[in-house]
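Peer 1: The structure under discussion is supplied below as structure tokens; questions concerning it will follow.
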Amino acid sequence: MRNVAMILAVWSLPAAVSAADPTSFATAAEVKAQVAALDRTMKPGQGFAWAPLVKGGSAVAAIEIWKKPGRPAVHPEEAEYATVLAGSGTLVSGGTMADASTTRPGLVEGSRIDGGATRALCPGDTFLIPAGVPHWFGITGDRLVLLGTKLPQPAGG
């Protein structure tokens, strides 16, 4: 019976996870399926959705779907690394955030960014926003789909 339980336990693990290789991995098909599933779960009028894709310790790479712009944001102790998977938009980053207030631990939001750099976003674009840097996403099409990862980084580090 013990051998059966052991076989079942090993069989239920994802193929890519083992003691020798702790890599978390998602195939292109799995990424595409995750985007489609997240898109289906969004309610009419919902502007943003997030779902984890791969994890490693405290790091999580997640699918983000933006259908409406959010508020300008700062993550004081996390850098944000992202690649545009689909859609189009605008990234405003740097400068100074007006009316900043902490909305939850690890997130400061404001009303606008003064003096930031503006960049058009399209599939394949990749960016890294250091911790403590204001940023905002505008949506120029029907949506902007990102593969985003928050990376612990003390501000100024």
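Peer 1: Output the residues belonging to region 24-52 that are surrounded by 10 or more Cβ atoms within 10 Å (Cβ to Cβ) and either in contact with a Cys (Cβ under 6 Å, 6 or more places away or on another chain) or hydroxyl-bearing (Ser, Thr, Tyr) (or both).
Peer 2: If the condition is that a residue be surrounded by 10 or more Cβ atoms within 10 Å (Cβ to Cβ) and either in contact with a Cys (Cβ under 6 Å, 6 or more places away or on another chain) or hydroxyl-bearing (Ser, Thr, Tyr) (or both), then Ser24, Thr41 are the ones that fit.
Peer 1: Continuing with this model, one more query. Which strands (runs of 3 or more DSSP E) does region 67-106 wholly contain that include 2 or more residues that are buried (at least 19 other Cβ atoms within 10 Å of the Cβ)?
Peer 2: 78-93
Peer 1: Cβ-Cβ distance below 7 Å, separation of 6 or more or different chains: which pairs start in region 100-114 with a residue that is more than 11 Å from His135 (Cα to Cα) and end on one that is among the small types (Gly, Ala, Ser)?
Peer 2: Ala100/Gly110; Leu107/Ala73; Ser111/Ala98
Peer 1: Next up: Taking the options Ser101, Ser58, Ser93, Ser88, name whichever one is within 30 Å of Ala29 (Cα to Cα), touching a Gly at 6+ places or on another chain (Cβ under 9 Å) and of a type in the set (S, T, N, Q). Spell out how you get there, then give the answer.
Peer 2: Details: Ser101 fails: within 30 Å of Ala29 (Cα to Cα); Ser58 fails: touching a Gly at 6+ places or on another chain (Cβ under 9 Å); Ser93 fails: within 30 Å of Ala29 (Cα to Cα).
One residue alone meets the criteria, Ser88.
Peer 1: Determine, yes or no, whether Arg119 is assigned to a loop (DSSP other than H, G, I, E, B) and either at pLDDT 95 or above or under 25 Å from Glu30 (Cβ atoms) (or both).
Peer 2: no
Peer 1: Give region 126-157 a look and list any residue that's surrounded by fewer than 16 Cβ atoms within 10 Å (Cβ to Cβ) and not in a strand (DSSP E or B), or say none.
Peer 2: Pro154, Ala155, Gly156, Gly157
Peer 1: Moving on to the next point. Glu80 versus (1) among the acidic types (Asp, Glu); (2) at positive phi; (3) under 13 Å from the mean Cα position of the chain (by Cα): which is the lone unmet condition?
Peer 2: Here Glu80 clears every test but (2).
The values are calculated or read from the model by the stated rules, or taken from the named source; none is laboratory data. Since this is a predicted model, take the numbers as computed values, not measurements. FYI the Cβ positions are ideal-geometry reconstructions off the backbone, even for glycines, and counts take in every protein chain you see.
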